[in-house]
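The structure under discussion appears below in the form of structure tokens.
The values are calculated or read from the model by the stated rules, or taken from the named source; none is laboratory data. Since the model is a prediction, treat every value here as computed from it, not as a measurement. Cβ sites come from the backbone with ideal geometry, for glycine too, and all protein chains shown count toward neighbours.
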Amino acid sequence: MRAFLLLLTTLLITGCHTTIEQINSANSQSPANDPRPPQLVLAMEAVKPFFSPLSKPGPGDWLATFKEPGQSFAEYLNSNPTVPTDGRKIIYVLPLGKFTSRQNDVIRITSQYLEAFYGLPVKALPQRSISRPLQIKDSRINAVSKKEQIRTGYILDDVLRPMLPDDSAALIAFTNEDLFPDSSMNYVFGQASLENRVGVWSLYRLDNIADLRTFLLRTIKIAAHETGHMFSMHHCIAYNCVMSGSNHLDETDSHPIDACPECMAKVSWFSHVSPAVRYQRLAKVCRQNGLEKEAVEFEKKYAAVRDIN
């Protein structure tokens, strides 16, 4: 099973840093060979001023740990990506476990954000619990925290895959359990399977010493980021973007909740939602839920693209 491990691992390999100039080079094709719709190219240019290049990674940051090539919009279109279809276009959200009222609020708002972000209907499933006792291979006691952790593969394969609705673009479980993928890693924030359209994200560490705004923004970022992986979107390595990799919470906190020009175009292309409509919807969700700063930023992006047809 090809899977995406979310955000934090303990592997160390040579890092890299790709510039916006390299992304531009990847996009520079003759008009006859350019697969990008002209309207989306114009929208990409219009919102570039709102995004900054991804800075050189510091010690312990994602790109200091993982060597990745990135992915331009043109490269995405040429990769035969996994995308929603008319028969599979619903994102299902499953609350898995017991949650506080604050955690339930964050899951509810994050679901609203995902619907606006991806232009797809999001449906909440009834809350369910993780059946216990678990097999030895499916849980462990973390050596550092001394708390129980659940193996992500158990949730993906034994809980989510058997209940995957036929009309789902993705089935996402939120849990407050701490997660681990295998014995090589201390923990992960979650894991997603591209082929099987299922993923699980943990709130366990996001709610750690955080006010409600910080907790909400972290959850939105991780949910949007990892759902993007389920639609074949790779890590963004040119801009500071919600699809940029993150190796720790400080790095997560430094990323925006929005997609950069390249990643925005991918979402608008496969969702068939124009950038202008998408930005309007995101501004509305943010304003309704007290994210005023983010709402203003989305409104400015809407103004930049509203006349592009």
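For segment 206-234, residues that are in a loop (DSSP other than H, G, I, E, B) and either in contact with a Leu (Cβ under 7 Å, 6 or more places away or on another chain) or at pLDDT 90 or above (or both) total 7. Which of the residues belonging to segment 206-239 are among the aliphatic types (A, V, I, L, M) and either free of Cβ contacts under 8 Å to residues at least 24 places away in the same chain or over 15 Å from S55 (Cα atoms) (or both)? Result: L206, I209, A210, L212, L216, L217, I220, I222, A223, A224, M230, M233. Annotation note: Cβ proximity below 8 Å between a residue of segment 71-88 that is within 20 Å of G119 (Cα to Cα) and a residue that is among the polar types (S, T, N, Q) (sequence gap 6+ or interchain) occurs for F73/N27; Y76/S232; P81/S232; T82/S232; V83/S232; P84/S271; R88/S168.
In segment 251-272, the condition of being within 19 Å of A43 (Cβ to Cβ), over 17 Å from the mean Cα position of the chain (by Cα) and of a type outside the set (A, V, I, L, M, F, W, C) is met by at least one residue. Regarding V305, is this residue out of contact with any strand residue (DSSP E or B) (no Cβ under 7 Å at 6 or more places or on another chain), of a type in the set (A, V, I, L, M, F, W, C), within 20 Å of T82 (Cα to Cα) and crowded, with 17+ Cβ neighbours inside 10 Å? Spelling it out, it is not the case that V305 is out of contact with any strand residue (DSSP E or B) (no Cβ under 7 Å at 6 or more places or on another chain), of a type in the set (A, V, I, L, M, F, W, C), within 20 Å of T82 (Cα to Cα) and crowded, with 17+ Cβ neighbours inside 10 Å.
Among the residues of this structure, E262 counts as one that is in contact with a strand residue (DSSP E or B) (Cβ under 8 Å, 6 or more places away or on another chain) and touching a residue at least 12 places away in the same chain (Cβ under 8 Å). Look at segment 24-50: where a residue is within 13 Å of A303 (Cα to Cα) and at pLDDT 85 or above and a partner is surrounded by 15 or more Cβ atoms within 10 Å (Cβ to Cβ) and among the small types (G, A, S), sitting 6+ places away or on another chain with Cβ atoms under 6 Å, you get A46/A304; V47/A304. Could you please find all residues in segment 240-255 being assigned to a loop (DSSP other than H, G, I, E, B) and touching a residue at least 40 places away in the same chain (Cβ under 8 Å)? Once the filter is applied, which keeps residues that are assigned to a loop (DSSP other than H, G, I, E, B) and touching a residue at least 40 places away in the same chain (Cβ under 8 Å), segment 240-255 yields N240, C241, S244, G245, S246, N247, H248.
E195 - would you say it is closer than 21 Å to M264 by Cβ and at pLDDT below 90? It is false that E195 is closer than 21 Å to M264 by Cβ and at pLDDT below 90. Here the condition is being under 18 Å from R102 (Cβ atoms) and buried (at least 21 other Cβ atoms within 10 Å of the Cβ); of T227, T219, it holds for T219 alone.
Rundown of residues vs (1) surrounded by fewer than 21 Cβ atoms within 10 Å (Cβ to Cβ); (2) part of a helix (DSSP H, G or I); (3) within 22 Å of the chain's Cα centre (by Cα), yes/no style:
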| residue | (1), (2), (3) |
| --- | --- |
| S131 | yes, no, no |
| I150 | no, no, yes |
| G153 | yes, yes, yes |
| L160 | no, yes, yes |
| A169 | no, no, yes |
| F174 | no, no, yes |
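Exactly one residue out of I237, I308 is more than 19 Å from E115 (Cα to Cα), modelled with pLDDT under 95 and touching an Asp or Glu at 6+ places or on another chain (Cβ under 9 Å): that is I237. Scanning segment 87-120 for residues that are β-branched (V, I, T), more than 14 Å from A223 (Cα to Cα) and either part of a helix (DSSP H, G or I) or in contact with a Pro (Cβ under 8 Å, 6 or more places away or on another chain) (or both) yields one hit, I90.
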